[in-house]
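Written below as structure tokens is the structure these notes are about.
The values are calculated or read from the model by the stated rules, or taken from the named source; none is laboratory data. These numbers were taken from a predicted model, which means no experiment stands behind them. Positions of Cβ are generated from backbone atoms using ideal geometry, with glycine treated the same way; all protein chains shown enter the neighbour counts.
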Ligand code: ZN
């Protein structure tokens, strides 16, 4: 007798075999300014980042709307303040907004007070501009600080999406209650495939969108065999370019045609996982 796959028993809704979350991090200028505030004095670099909210978001919202797919956009508070129209359009289209720091700050080495201040500033910006109180959080660079999970629970967040250790959502106990983790993988990050700026990021080898599509399809097919959860993580300044957005559309068409995948927001996946008594 063959042993069942590790996660085959995770009960996805409606008997679906696996889940796929389509997520975007609206980093825009913030991710560069977090590395060095002096980058504000580099108009071309800032413009490269602004492609996301200015051009990428409208295009990606069309790709999603054409397929009836709802996504999760993790937004740094400062990005929301710089690009309120993009955030308003995302909210108006019915997508989920998650917290992604204030200025995409690294949390490494931060005190509890510093982390709390960053979380509060991000919450304030998203509530003021998007009219939403996010239920989910994703750490900048997927690097939680030592206080983050406990603070998230204290502030009433339902889930985090910055950890890696499982194929399916799981529970994280903290001193202030339980969070759900919707785990991620660098495999599904478009940054490694598409990003390039001389001396700042990327190797200069920019992947063909059709190759990225096939790679992600292969990964999702294998994850589906073990009943897992694929969390696609894209950035509008990267995946919002025409051929890349088109490839995402083709991938979403294929995923929908399979018929056995639950394409849902991170919030929906976390809510479902929280109601699964046997969730590991
Ligand atoms: Zn980010």
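Here the helices (runs of 4 or more DSSP H) wholly within region 208-259 that include at least 1 residues being closer than 20 Å to residue 60 by Cβ and away from the ligand (no atom under 16 Å from the Cβ) are 209-225, 242-258.
Looking at 173, 183, 169, just one residue is surrounded by fewer than 16 Cβ atoms within 10 Å (Cβ to Cβ) and more than 16 Å from the ligand (Cβ to nearest atom), and that residue is 173.
So how many residues does region 72-82 have that are in contact with a helix residue (DSSP H, G or I) (Cβ under 7 Å, 6 or more places away or on another chain) and surrounded by 24 or more Cβ atoms within 10 Å (Cβ to Cβ)? Spell out the reasoning first.
First pass over region 72-82, keeping only residues in contact with a helix residue (DSSP H, G or I) (Cβ under 7 Å, 6 or more places away or on another chain): 72-73, 75-81.
Add one more test, that the residue is surrounded by 24 or more Cβ atoms within 10 Å (Cβ to Cβ), and what stays is 72-73, 75-77, 79-80.
Selection size over region 72-82: 7.
Please enumerate the residues belonging to region 8-29 that are within 12 Å of the ligand (Cβ to nearest atom) and either surrounded by fewer than 24 Cβ atoms within 10 Å (Cβ to Cβ) or not in a loop (DSSP other than H, G, I, E, B) (or both).
Once the filter is applied, which keeps residues that are within 12 Å of the ligand (Cβ to nearest atom) and either surrounded by fewer than 24 Cβ atoms within 10 Å (Cβ to Cβ) or not in a loop (DSSP other than H, G, I, E, B) (or both), region 8-29 yields 23, 24, 25.
Residues that are surrounded by fewer than 18 Cβ atoms within 10 Å (Cβ to Cβ) and over 21 Å from residue 20 (Cβ atoms) do not occur anywhere in region 93-101.
What's the total number of residues in region 229-250 that are free of Cβ contacts under 8 Å to residues at least 40 places away in the same chain and in contact with a strand residue (DSSP E or B) (Cβ under 8 Å, 6 or more places away or on another chain)? Qualifying residue count for the region: 0.
Among the conditions (1) at pLDDT 95 or above; (2) touching a strand residue (DSSP E or B) at 6+ places or on another chain (Cβ under 9 Å), residue 280 misses just one, which is (1). Under the condition of being at positive phi and at pLDDT below 95, the residues counted in region 189-241 number 3. The set of residues in region 103-119 that are surrounded by 17 or more Cβ atoms within 10 Å (Cβ to Cβ) and within 16 Å of the ligand (Cβ to nearest atom) comprises 103, 104, 105, 107, 118, 119.
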